[in-house]
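Written out below as structure tokens is the structure these notes cover.
Please treat every number below as a calculation from the coordinates, not as lab data. Every value quoted in this text rests on a predicted model; they were computed, and no experiment measured them. Because the Cβ atoms are built from the backbone with ideal geometry, glycine has one as well, and the counts that use them run over all protein chains shown.
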Amino acid sequence: MNIAFIGYGKMGKAIEALALERLHTITARIDETNTSTLSAFMADVAIEFTHPEAAFTNVSTCLKRGIPVVSGTTGWLHHLPEIEQLCNQHNGTFFYASNYSIGVNLFFQLNEKLAKLMQPFQQYTSKLEEIHHIHKKDAPSGTAITLAEGIIKNNNSYTAYQLGQTTNKQTLAIEAKREGEVPGTHLITYTSKVDEITIKHEAFSREGFASGALAIAEWIVANNKKGMLSMADYLKF
């Protein structure tokens with residue numbers, strides 16, 4: 001499989017190491033120094049981990065060129081309707097996940113089930129906390145947003161989320177911390193006057209994210225997948 005990396009930071013390099021072990025070919029490594037090559041590279045699939053400001057241009061350029069895209073860039077999803085339109089127009093492939101770890105996606109499901117269970121028990125207040133490395137630019141994380149949306153969808157005590165503290169009982173508070181080189185930790189708590197329930201996912205390294213992204217790229221190419229895709233399509237939840 002021929003792979004192009006759009007964004008060649010720590011995540012791109014982690015995925016590349018696994019890809020080379022599996023005998024894939026890297027046809028392009030695009031970062032801020034050579035963005036002009038975005039319209040010229042050839043690949044079976046592009047793996048895009050960049051910045052919110054660059055993601056829309058990166059993804060739309062690939063779709064117009066008929067190159068499937070696997071993206072993990074967060075903080076730009078207000079552009080998704082435009083991407084869906086381009087995907088349909090060019091019979092393209094776009095796979096997005098806020099987190100490519102299999103464990104995190106199982107955690108998403110656990111979060112939704114717990115939110116539904118807690119629905120009748122109004123004495124509990126929920127809070128979400130996420131911790132990431134100091135280089136992460138967006139807050140809250142895409143994973144935290146997915147978790148918050150899962151709670152809101154399954155527990156009508158909450159109608160919105162907010163970064164930081166809130167006095168509105170229907171708004172879910174998200175605390176974002178940036179510490180050292182933490183790959184990613186997410187905690188959800190339900191607290192009452194007498195006790196507290198906590199679920200937590202902690203990543204030990206970037207390998208779980210990298211292996212998931214590569215496996216999905218392989219799945220797309222091997223099966224000639226088309227359209228707007230997500231982890232629900234891959235894991236068949």
Fill in the blank from the handout: Evaluated at 10 °C and 1.306 mPa s, the Stokes-Einstein D of segment 102-202 based on the Kirkwood radius over Cα pairs, in µm²/s, stands at 116
Exercise for the section: State the dimensionless ratio Rg/Rh of segment 48-112 (Rg: radius of gyration of Cα atoms; Rh: Kirkwood radius). Expected result: 1.02
Problem - Sorted by Cβ density within 10 Å, fewest first, the residues 159, 27 - result: 159, 27
Problem - Rough spin-label spacing in nm, given labels placed 7 Å along Cα→Cβ, for residue 233 and residue 204 - result: 3.2
Problem - Histogram of C-alpha separations across the chain, 5 Å bin width, % - result: 1, 6, 14, 17, 18, 15, 12, 8, 5, 3, 1, 0, 0
Completion exercise
Taking 219, 76 and counting other beta carbon atoms within 10 angstrom, the fewest-first order is 219, 76
Handout entry: Separation in nanometres of the label points that stand 7 Å from Cα toward Cβ, at residue 215 and residue 137
Key = 3.0
Practice task
Measure out, as a whole number of angstrom, how far apart the alpha-carbon centroids of segment 21-44 and segment 198-237 sit.
Solution key: 21
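At most 14 other C-beta atoms within 10 Å and a DSSP loop state: those are the exposed trypsin sites (Lys or Arg not before Pro) I care about. Give me the longest piece of the chain that has none.
On the way: sites that count: 22, 137, 169, 193, 226, 236.
Answer from the scan: 23-136.
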Problem - Mean ellipticity per residue at 222 nm, deg cm²/dmol - from DSSP H runs of n ≥ 4 across the chain, formula -39500 (n - 2.57) - result: -11500 deg cm²/dmol
Handout entry: Proximal lysines relative to residue 200, as straight alpha-carbon distance under 30 Å, when same-chain residues fewer than 8 apart are discounted
Key = 10, 13, 113, 116, 127, 136, 137, 153, 169, 177, 236
